[in-house]
Amino acid sequence: MVAELTSLSQFNDLKKKPLLVVDFHAEWCGPCKQISPIFNALATKHASSRVVFAKCDVDRVRDVAQICGITAMPTFQFYCNGKKVDEIKGASGPALTAKIAQY
């Protein structure tokens, strides 16, 4: 399951989890649309694990995007127990898959 971020408070709650992977995207972003099925498949694959997957539309939840320093889409950020530990910019399915496996 992929959570849709709608507020800063929701983001702050989710990033306290053991591992949060956030897909920062925009509706108008072509590469975001291309990698979305891969992100969703990874969420399904890891549904029984400790990994939480979330999406954040940068145009709808601007405060979260700004606080996270998002300057390009898609950007994937990784949080462990409240702290940002990694980031991937760009729509690379293999890089995203490998990074999730790393944690």
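Computed about its Cα centre, the charge dipole of region 2-102 is approximately 320 debye, with only Lys, Arg, Asp and Glu carrying charge at their Cβ. Only DSSP H runs of four or more residues enter the estimate; each adds -39500 (n - 2.57), and after division by the residues of the chain the mean residue ellipticity at 222 nm equals -11000 deg cm²/dmol.
Test of the criteria: in region 1-92, which GluC sites (Glu not before Pro) are in a DSSP loop and have at most 14 other Cβ atoms within 10 angstrom of their Cβ? The qualifying sites are GLU27. Partners of LYS83 within straight-line reach, counting aspartates and glutamates whose Cα lies under 17 Å from its Cα and excluding those fewer than 8 residues away in the same chain: ASP13, ASP23. Diffusion coefficient of region 2-102 by Stokes-Einstein, Kirkwood radius over Cα pairs, 37 °C, 0.692 mPa s: 247 µm²/s.
Just how far, in whole angstrom, is region 75-89 from region 6-72 if you go by their alpha carbon centroids? So the two Cα centres are separated by 10 Å.
Sites listed here are chymotrypsin sites (Phe, Trp or Tyr not before Pro) in region 3-85 whose DSSP assignment is loop and whose Cβ has at most 12 other Cβ atoms within 10 Å: TRP28.
No value in this document is a laboratory result; all are computed from the given coordinates. Bear in mind the structure is a predicted one, so any value in this text is a computation, not a measurement. FYI the Cβ positions are ideal-geometry reconstructions off the backbone, even for glycines, and counts take in every protein chain you see.
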